[in-house]
Amino acid sequence: MEIYHISAECFPAAKVGGLADVVGALPKYLNRLGHSARVVIPGYDTKFTREREFEEVFSGEIKLGDLRFRYDVVKESGDSLGFALYQIRMPQLFDRPEIYGYDDDTERFTAFQIAFLDWLTETGAHPDVVHCHDHHTGLIPFMMQHCFGFGHLKMTPTMLTIHNAQYQGGFSFEKVHYLPEFDTVNSGYLEWNGAINPLAAAIKCVAKLSTVSPSYLEEMTHHANGLENLLRFERGKSVGILNGIDTELWNPATDTMLTSHYDAERVRSGKASNKKALCKEFGLDENLPVFSFIGRLVYEKGAELLPEVARRVLTEFKGKANLFILGSGDSAVEEHLRALSHFHREYYNVYIGYNEQLAHLVYAGSDFLLMPSRVEPCGLNQMYALRYGTVPIVRRTGGLRDTVVDMGDGGFGICHDQTSVEDVLWSVNRALQLFADDASFDAIRRGGMQIDHSWNSVAAQYLEEYLNLKK
């Protein structure tokens, strides 16, 4: 089968969050099953793009209302990622340092989607499946079915994976003229609550809808930023498939970003070596447990709790624990976290921003990982933590519920039910008790490292869905 994955992100070419990790791994494993999976993303001005060689495969021009944009489709030479990576380059729209966050994001991603379909049309390509990811590609299924210029793709099956239903890409019908010509009788497929909603349009138009964990599939019917009724209505074509992780990239036995390599049998010595390096770099006490947070400092992640959690851990458990935070997002949260470093230098530090190499070291050098998320469709951090022998402390929600079982129930994590300071502190106290019991702590860490969260079985589940679409 020939499968096109269309996304705003793909690791390592362009990454903001877990979407990139999924799109950068699933196609590789589909190819290993004997199929041809390709990825198409915008041509951002990233370090990856500047350092890799690309070959041009097509050039064209699209209209976006009264605007015209030239675009070039380029392919990464050598397929070094394990799959063919294509970029659609439109310098006026994407030759910028960031992936998202611009006032013209509607124009940027609408143009990207139109250019993708224009490329397929002009070259006569007939994919077996077009797999869209999140709202940035949500208009593609509608345009394939209803825009006159893309008629040859009308019968091509489409699939949408929702990585986070809170973000939907909505914009006013005043911009409907951006889309190529279609019969306005079909405008209802685009509309939700009086506006064009790309995510809602995709949910209505795709042949198959998936999300990134079984629990999140259920949660979306109750909490999806206004799309709950639609998702309940479309439940019959929906499936929850738990994400995997790339166990070749995320492997403490071979990870080149670590100070020391280790496996489950060498978890104590291996983690101690990486912990020493982490503590030395950030002025922490290597003899105490390290609690870490890695991620976006946003409401969905429970990030606004972190300053108060940090303050209370560092006062109520003073001299018993370190706390390290790696992330960026809400400026007020960032400022509060920075301010704490002036008062608790010995046991606390923060790195505002994102650093891939540092993230690997934090997973390897930490003892516990905090994830007090309000919304976590799947979550990959908890799987990385388990893989690296770091005990995840999670709120039971979404994919966290599906992947982390509390140690009191025979699992290898610590779970709580609410996104609250008190729940996190209660879990920290349990973690300190576990840390003091060497035998139990080592057993928990070794057990977590041996859980299989690889993409091998996950890719097979997606392939089964693709094959069903072709019947």
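The values are calculated or read from the model by the stated rules, or taken from the named source; none is laboratory data. Source: prediction; values computed, not measured. Methodologically, a virtual Cβ is constructed for each residue, glycine included, from the backbone with ideal geometry; neighbour enumeration extends over all protein chains shown.
Answer yes or no as to whether Glu234 is closer than 25 Å to Leu400 by Cα, of a type in the set (Asp, Glu) and either at pLDDT below 95 or in contact with a Leu (Cβ under 9 Å, 6 or more places away or on another chain) (or both). When the stated conditions are applied, Glu234 passes them. Identify all residues within segment 321-358 that are over 22 Å from Ala277 (Cβ atoms) and either in the same structural domain as Val16 (by TED's automatic domain parsing) or of a type outside the set (A, V, I, L, M, F, W, C) (or both); write none if there are none. Ser328, Gly329, Asp330, Ser331, Glu334, Glu335, His336, Arg338, His342 - these are the residues of segment 321-358 that are over 22 Å from Ala277 (Cβ atoms) and either in the same structural domain as Val16 (by TED's automatic domain parsing) or of a type outside the set (A, V, I, L, M, F, W, C) (or both). Among residues that are in the same structural domain as Gly60 (by TED's automatic domain parsing), buried (at least 18 other Cβ atoms within 10 Å of the Cβ) and touching a His at 6+ places or on another chain (Cβ under 6 Å), Gln145 is not included. Among the conditions (1) out of contact with any Phe, Trp or Tyr (no Cβ under 8 Å at 6 or more places or on another chain); (2) buried (at least 17 other Cβ atoms within 10 Å of the Cβ), Pro97 misses just one, which is (2).
Do we find that Leu434 is over 25 Å from Asp246 (Cβ atoms) and of a type in the set (A, V, I, L, M) in this structure? Against the criterion (over 25 Å from Asp246 (Cβ atoms) and of a type in the set (A, V, I, L, M)), Leu434 qualifies.
In segment 379-402, the residues that are more than 20 Å from Asp263 (Cα to Cα) form Cβ pairs under 9 Å with partners that are assigned to a strand (DSSP E or B) and among the basic types (Lys, Arg), at six or more places apart or across chains, as follows: Arg401/Arg395. The listed residues are Gly43, Gly101, Gly65, and the only one of them that is in contact with a His (Cβ under 8 Å, 6 or more places away or on another chain) and under 30 Å from Phe171 (Cα atoms) turns out to be Gly65. Annotation for segment 402-418: no member residue is assigned by TED's automatic domain parsing to the domain that holds Asn322, of a type in the set (Gly, Ala, Ser) and in contact with a Ser or Thr (Cβ under 6 Å, 6 or more places away or on another chain). Is it the case that some residue within segment 74-81 is assigned to a strand (DSSP E or B), over 27 Å from Val212 (Cβ atoms), modelled with pLDDT of 95 or more and among the charged types (D, E, K, R)? Looking for residues that are assigned to a strand (DSSP E or B), over 27 Å from Val212 (Cβ atoms), modelled with pLDDT of 95 or more and among the charged types (D, E, K, R), one finds at least one in segment 74-81, hence yes.
Residue count for segment 1-42, restricted to those that are of a type in the set (S, T, N, Q) and either without any contact (Cβ under 8 Å) to a residue 24 or more places away in the chain or outside any strand (DSSP E or B) (or both): 2. Name the residue, out of Val362, Val298, that is under 22 Å from the mean Cα position of the chain (by Cα), of a type outside the set (Gly, Ala, Ser), over 27 Å from Ala436 (Cα atoms) and in the same structural domain as Asp442 (by TED's automatic domain parsing). Just one listed residue meets the conditions, Val298.
Exactly one residue out of Lys275, Lys280 is in a helix (DSSP H, G or I), among the basic types (Lys, Arg) and under 30 Å from Asp402 (Cβ atoms): that is Lys275. Of all the residues in segment 92-104, those that are without any contact (Cβ under 8 Å) to a residue 40 or more places away in the chain and not in a loop (DSSP other than H, G, I, E, B) number 1.
Yes/no per residue for (1) closer than 26 Å to Ala277 by Cβ; (2) touching a strand residue (DSSP E or B) at 6+ places or on another chain (Cβ under 7 Å):
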residue: Gln382; (1), (2): yes, yes
residue: Thr403; (1), (2): no, no
residue: Thr419; (1), (2): no, yes
residue: Ala459; (1), (2): no, no
residue: Glu465; (1), (2): no, yes
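I want to confirm something. Restricting to segment 161-186 and keeping residues that are hydroxyl-bearing (Ser, Thr, Tyr) and surrounded by 15 or more Cβ atoms within 10 Å (Cβ to Cβ), which single residue is nearest to Asp118 (Cα to Cα)? Per the criteria, the residue is Tyr178.
So Pro377 passes all but one of these: (1) modelled with pLDDT of 95 or more; (2) over 17 Å from Gly244 (Cα atoms). Which condition number does it fail? Only one criterion in (1) modelled with pLDDT of 95 or more; (2) over 17 Å from Gly244 (Cα atoms) is unmet by Pro377, namely (2). Please go through segment 260-282 and give me each residue that is among the hydrophobic types (A, V, I, L, M, F, W, C), crowded, with 18+ Cβ neighbours inside 10 Å and closer than 15 Å to Asp367 by Cα, ordered by number. Listed by number, the residues that qualify are Val267, Leu278, Cys279. Taking the conditions exactly as written (crowded, with 17+ Cβ neighbours inside 10 Å, under 26 Å from the mean Cα position of the chain (by Cα), among the β-branched types (Val, Ile, Thr) and in the same structural domain as Pro392 (by TED's automatic domain parsing)), does Val313 satisfy them or not? When the stated conditions are applied, Val313 does not pass them. I'm trying to understand the selection: among the residues of segment 228-250, which are in contact with a Phe, Trp or Tyr (Cβ under 9 Å, 6 or more places away or on another chain) and either of a type in the set (S, T, N, Q) or assigned to a helix (DSSP H, G or I) (or both)? Listed by number, the residues that qualify are Leu230, Asn243, Thr247.
Answer yes or no: is there a residue in segment 406-419 that is closer than 30 Å to Lys28 by Cα, among the polar types (S, T, N, Q) and modelled with pLDDT of 95 or more. The answer is no, given that none of the residues of segment 406-419 is closer than 30 Å to Lys28 by Cα, among the polar types (S, T, N, Q) and modelled with pLDDT of 95 or more.
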